[in-house]
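Participant: The structure follows.
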Amino acid sequence: MNKQQKDYLNSLGGNAEDLTAGQKAQMTKLGGASQPRPTVTPTYDKPNQQTYLQALGVISVDELTPGQKAYLTKLGQNSNLMPPSERKTAAQAVQLEQVDLSKCGIQPVSFNDHVNKQWDRYSILDSELLYDGHGSGYKGVFRNGKLVQIAGDGYKVLPNEEVLELGNQLAASIGAKPFTEFRGKWYGKMGNHALYNKAETQMYALYCQPEPMKVKGVDEVNVGFALNNSIDGSSGFGVSSFTFRFGCGNLVIMSEQRGQQLNRHYTDVLAWASKRHTSGLKVDRPNLQKFILTVLDRSKEVIDLYREMAVKKMNETVAKRIAESNLPQRALPDHIEFKTVNDRRELTKFDQNRTIWDTYNSVTEAIWHNVKSDLGTKVNQFGAINEAVLPVLRA
């Protein structure tokens, strides 16, 4: 087993016996892949790099953290960039002084002892925020005794657990299955098909239609929907689509926020629907089922775009948008080359023989199988590649 196979297997959880047929095929493909390029030990002899190393007071580059090494490399790419001579702490940057707040006209803040215990069974409470003993127009939302957000009085708490239960019921009613084709150590579980952040305040629950759709040849993609929700104000309740390609075992979530941005110009690209947590929010069975069916129906357009990618070769417009996007460098494919000018990437070369579909999957696979990034980071990066590629196809 070569290094590429080992890395791929580790990203899936490390157990070869759990692999799907598509994932096993990818393992075989990686076994015949070309050997990785030989590594070149970088030199750090630029004046600005030496200044930075002296400021850190290190003897060997091996003593640096990954972030410091990345900054050192960045300095080498731009000789005009000079490191800060002194890095101040927050306390040094802003002089704090203890004062009597009442003399500044600031009155005491507290929470009302009378709390809303509607969701007490999930250890979620909300309480009116008082300013000088009177209502302020705000409330605090608490989970397990910890403050998770300050919201307006009109904010309606919708527990992730309630959304998950509704999702399970409605998925069964339309023939969708809980999606469990993710493995690895980067995600947390709330059931075997729901992902949430470490604080357990944000959630994605995934469900998949059982029958795959063909994109080209034997390349099959499953379409599903994801319910997202939060109790910390980071997002409203939403339904978005996702696709899963068994050939490389990677998933792409069509994010709500990126969908909004694209839809201003290109209304039929991404499928999503969202509701904010306001007093008018109604997440009941009829409303949720309507959202889901709308999203799944519009997902057919995403498959059409994939099929279009499969027959179109890479062109300079697409390559330039990918190279100059805010995707991390590690997610960019080898066949797109660039140079860095004034901290911005500029396209220098790309492989015109590759299809857009090959390139898109190379990027999304790198995003999905990056064990160091959390779900929020992955969703943002999916949005970045979608912004770079999808609007060009039918512009």
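The values are calculated or read from the model by the stated rules, or taken from the named source; none is laboratory data. Bear in mind the structure is a predicted one, so any value in this text is a computation, not a measurement. Cβ placement follows ideal geometry from the backbone for every residue including glycine, while neighbour counts extend to all protein chains displayed.
Participant: Looking only at the stretch 293-346, how many residues end up being of a type outside the set (Gly, Ala, Ser), within 23 Å of SER373 (Cβ to Cβ) and outside any helix (DSSP H, G or I)?
Facilitator: 14
Participant: Given the residues TYR187, TYR155, TYR196, TYR122, which is the only one that is surrounded by 15 or more Cβ atoms within 10 Å (Cβ to Cβ), modelled with pLDDT under 90 and under 30 Å from PRO286 (Cβ atoms)?
Facilitator: Selected residue: TYR196, the only one of TYR187, TYR155, TYR196, TYR122 that is surrounded by 15 or more Cβ atoms within 10 Å (Cβ to Cβ), modelled with pLDDT under 90 and under 30 Å from PRO286 (Cβ atoms).
Participant: List every residue pair whose Cβ atoms lie under 6 Å apart, where the two residues are 6 or more positions apart in sequence or sit on different chains, the first residue falls within the stretch 321-332 and is in the same structural domain as LYS349 (by TED's automatic domain parsing), and the second residue, located anywhere, is in a helix (DSSP H, G or I) and small (Gly, Ala, Ser).
Facilitator: Note: pairs meeting the criteria are ARG321/ALA388; ILE322/ALA388; SER325/ALA384; SER325/ALA388; ASN326/ALA384; LEU327/ALA384; ALA331/ALA366.
Participant: Would you mind finding the one in LEU125, LEU129, LEU170, LEU147 that is over 21 Å from LYS198 (Cα atoms), out of contact with any His (no Cβ under 7 Å at 6 or more places or on another chain) and without any contact (Cβ under 8 Å) to a residue 60 or more places away in the chain?
Facilitator: LEU129
Participant: Hey, among the residues in the stretch 281-314 that are under 17 Å from THR355 (Cβ atoms) and not aliphatic (A, V, I, L, M), which one's surrounded by the most Cβ atoms within 10 Å (Cβ to Cβ)?
Facilitator: By that ranking, first place goes to TYR306.
Participant: Among the numbered conditions (1) closer than 30 Å to PRO212 by Cβ; (2) modelled with pLDDT under 65; (3) among the acidic types (Asp, Glu), tell me where GLU17 comes up short.
Facilitator: Status for GLU17: all satisfied but (2).
Participant: Please work out if VAL379 is modelled with pLDDT of 90 or more, assigned to a helix (DSSP H, G or I) and surrounded by 16 or more Cβ atoms within 10 Å (Cβ to Cβ).
Facilitator: no
Participant: Let me ask something else about it. Go through the stretch 341-395 and give me each residue that's under 17 Å from GLU316 (Cβ atoms) and among the aromatic types (Phe, Trp, Tyr).
Facilitator: The answer is PHE350, TYR360.
Participant: Let me ask something else about it. Which of (1) more than 30 Å from TYR8 (Cα to Cα); (2) among the small types (Gly, Ala, Ser); (3) modelled with pLDDT of 80 or more does SER240 not meet, given it meets every other one?
Facilitator: With (1) more than 30 Å from TYR8 (Cα to Cα); (2) among the small types (Gly, Ala, Ser); (3) modelled with pLDDT of 80 or more applied to SER240, the lone miss is (1).
Participant: Quick one: how many residues across the stretch 30-67 are charged (D, E, K, R) and modelled with pLDDT under 70?
Facilitator: Of the residues in the stretch 30-67, 1 are charged (D, E, K, R) and modelled with pLDDT under 70.
Participant: Can you tell me which residue within the stretch 213-235, out of those that are in a loop (DSSP other than H, G, I, E, B) and under 24 Å from the mean Cα position of the chain (by Cα), is surrounded by the most Cβ atoms within 10 Å (Cβ to Cβ)?
Facilitator: ILE231
Participant: Something else about it: Condition first: surrounded by 15 or more Cβ atoms within 10 Å (Cβ to Cβ) and out of contact with any helix residue (DSSP H, G or I) (no Cβ under 6 Å at 6 or more places or on another chain). Now tell me which residues in the stretch 315-336 satisfy that.
Facilitator: Within the stretch 315-336, ALA319, LYS320, ALA323, LEU332, HIS335 meet the criteria.
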